[in-house]
1. What ³J(HN,Hα) values, in whole Hz, does the Karplus curve 6.51 cos²θ - 1.76 cosθ + 1.60 give for region 178-189 when θ = phi - 60°, with x put for Gly and Pro?
2. Report the paramagnetic label zone for F250: residues of region 337-361 whose backbone N is under 14 Å from a point 7 Å from Cα along the Cα-to-Cβ axis.
3. May I ask you to list the trypsin sites (Lys or Arg not before Pro) in region 123-201 that are in a DSSP loop and have at most 13 other Cβ atoms within 10 Å of their Cβ?
4. Expressed as a whole number of Å, what is the distance separating the alpha-carbon centroids of region 118-149 and region 566-610?
5. What's the FRET efficiency of K470 with K61 using the Cβ-Cβ distance as r and R₀ = 22 Å, to the nearest 0.05?
6. Could you work out [θ]222 nm for the chain from helices alone, using -39500 (n - 2.57) per DSSP H run of at least four and dividing by all its residues? Round to the nearest 500 deg cm²/dmol.
7. Starting from the 7 Å offset along Cα-to-Cβ, what nm value, one decimal, do you get for the label separation of V162 and K116?
8. Carbon and sulfur together cover what percent of the accessible area of the chain at a 1.4 Å probe radius?
Amino acid sequence: MKKFFIEFVTAVSSKKGRWITLAVWVLLVAVLTAVFPSVNKETDNGAANLPDNAMSVKAEKIAKEQYPDNTGTPLLIVWHRTDGLTTQDYQKISSLYQHLEKHPLSAQNFLPPLGKLPPQGLQASASEDGKTIVTPVFMNKKASTEELTSDLSSLKKYLSKVESKSLFDRKISDSGLHVRFTGPVGISTDASALFSKADVTLLIGTVLLVLILLVLLYRSPLLALVPLIGVGFAYGVTNPLLGFLAKEGFITVDSQAVSIMTVLLFGAGTDYCLFLVSKYRECLLEEEDKFTALEHAIKHSGGAILVSALTVVLSLSTLLLAQYGSFHRFAVPFSLVILIMGMAALTLLPALLGILGRAAFYPFVPRTEEMTKKLEEKKGKKVRRIAPHGKFSRKIGHWVTRKPWTVIILSVVLLGALASFVPRIQYTQDLIESFPKDMPSREGFDLMSEHFSQGKLAPLQLIINTEGKKVEIKDQLSKLSYIEEVSEKKEGVKNKEYHSYDITLKEDPYSMEAVDTIPKLNKKVSTILKDSGVEPQDHLWIGGETSKQYDTVKTTERDMKVIVPTVIVIIAALLLMYLRSIVAMVYLILTVLLSYLSALGAGWILVHDVLGISAIQGLIPLYSFVFLVALGEDYNIFMISSIWKNKNKQSNRLAIANGVSETSSVITSAGLILAGTFAVLATLPIQVLLQFGIVTAIGVLLDTFVVRPLLVPAITAVLGRYAYWPGRRWKMKESEEE
């Protein structure tokens, strides 16, 4: 199998095969782009995140059946004046609703008769301080984001004519009337626009960063373009394939997944290209024929690239096991893009290198010693010959093998100190906090929170099925310390045995304190039902935003418990098959896990203590785990495979020192590029991406500069031949080890 793989990859980069391979990729991209839609046109940012068996989802379903509301999806218009709303302001509100009665929006479904109310009637619905009022317009639930965006644009144009454009543009702290669109419609349209801008910014920023880093690291303009060409072709294949899968309903893709996928492709894709390019450059120093040199490079690094790509693909595929929608929607885009990038790195890239040869490295062209002498004779002056490995890389390799315990202690102390901050991390499930503070819909939401009771913004909906038995619940719940108000019960439309109560919490309904009240409320209501002769199971449901956040916490915790061990098992199996060493498999996984925890701790220090963010999104730990563990093993595999190959001919200490020297520069280059691409996410105005970008970039840097060149080879040196047990190298004699 291995022989067939090497022969195949060598064939695609041969004199005849290189042009055929390039033509196949060009044709493939052209056909797929022409036939299938772009994935960006098939994103669904409103897809459900919670599974059907979540209590809040069940409550929502029962509420639709027993308490149907056909008004539609609410657009909340927030009207605010710092020094108090005036009679003229209320008249403008009335005029807007009169206008919408005569000229309804295309997606308008239901309009409250606010146009018929006098200013005094509207004033009764304003906040207690008289500064803010919220008025709804209900939109069609099936309306597309484009249609809703168009309708909001029409509303803005009308209000700008009545008042001025400053209604929407001026700062909230400024004097005058302010209008903000929020609620489900306002937030979804703002989020869509934000991600649309972010995608363009992200793509441009990532390409420029990778290009600049490649030029600085390799000082070759042409070589800097080669990996980007490979990445571009991989993107050209992946994008329409995902668009087709999403259009046909096989998968659901959201904008967040597309954004991170782009970063992953450029970061990891460039890494795979560099693994082959660096080895090709090294082989060109020893072999005059560029095709022979390329064949040697493929034999040396092709297996590592293949196993690395498979590790990431299978690790990311475990997200299919997730019940939380956002995790699940990541699985196919991420694993598919790495799979295709791996194929490009093993077919298209060798073909491009076969076409360009040594010219790819101009002006620092790698030549054999004999070629250098001939050139010197021809030019009549000394020509600088490229060294295979830098002096610093060689020094690191020797230091690690001579003082391994010092390296291990220093590395573990550093990583352990950072990891110690993990228990201090505060998490939040409030996705509205992930958006920029100046995003209009968030400004509107914040105004509502400031001027109205926080609990009333998102009350809980308690639904019980009494089975015809008498259940007195309102008075008992009203006495609870965390509940402010309980509404009168409503009977179900289809079944009178269903009773519904709206419960207003004293805490901010989006806070973790409020989330913690859900199990308490569930237990209390269960006790009341039992005392009334009703079995709580399948007779009690709690809905609302706070309940959704509680379900989110429980669902993501479940996903962590399932996915984390699954990823570890998959990586362990791949490492065991590739290295044939149980001992190496164990310490390689342990070092990656330590690196992940230290990245999470360091990320919290930066996010909380430097940027002043009070809590990080609850999705970050699993997001960063899958990426850091999978990508971290990439570097492990590439470096350790070099040590394993050296061990066939060299002593253990020399094999490790040379392995570090051979891979240090390429891993450093790859790590800087990968960390840089994830750091681009931190420039976006979306906190969940900013936090994910920070944690992942830190993790990659720790892998690049601590774990891979220092900790892993030092452990290998300390273990000696035991590091290879029970593989063939374990059987080598002690005399051969040192």
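The values are calculated or read from the model by the stated rules, or taken from the named source; none is laboratory data. These numbers were taken from a predicted model, which means no experiment stands behind them. Glycine also receives a Cβ, built like all others from the backbone with ideal geometry; neighbour counts cover every protein chain displayed. Note: areas computed on protein heavy atoms with side chains; ligands, DNA, RNA excluded. Shrake-Rupley method; radii C 1.70, N 1.55, O 1.52, S 1.80 Å.
1. Karplus values, whole Hz, x for Gly and Pro: 10, 10, 9, 9, 9, x, x, 5, x, 5, 5, 6.
2. 337, 340
3. K141, K142, K165, K171
4. For region 566-610 versus region 118-149, the Cα centre distance is 50 Å.
5. Efficiency for this residue pair is about 0.25.
6. -20500 deg cm²/dmol
7. Between V162 and K116, the simple spin-label model gives 1.8 nm.
8. Within the chain, the accessible surface is 58 percent carbon and sulfur.
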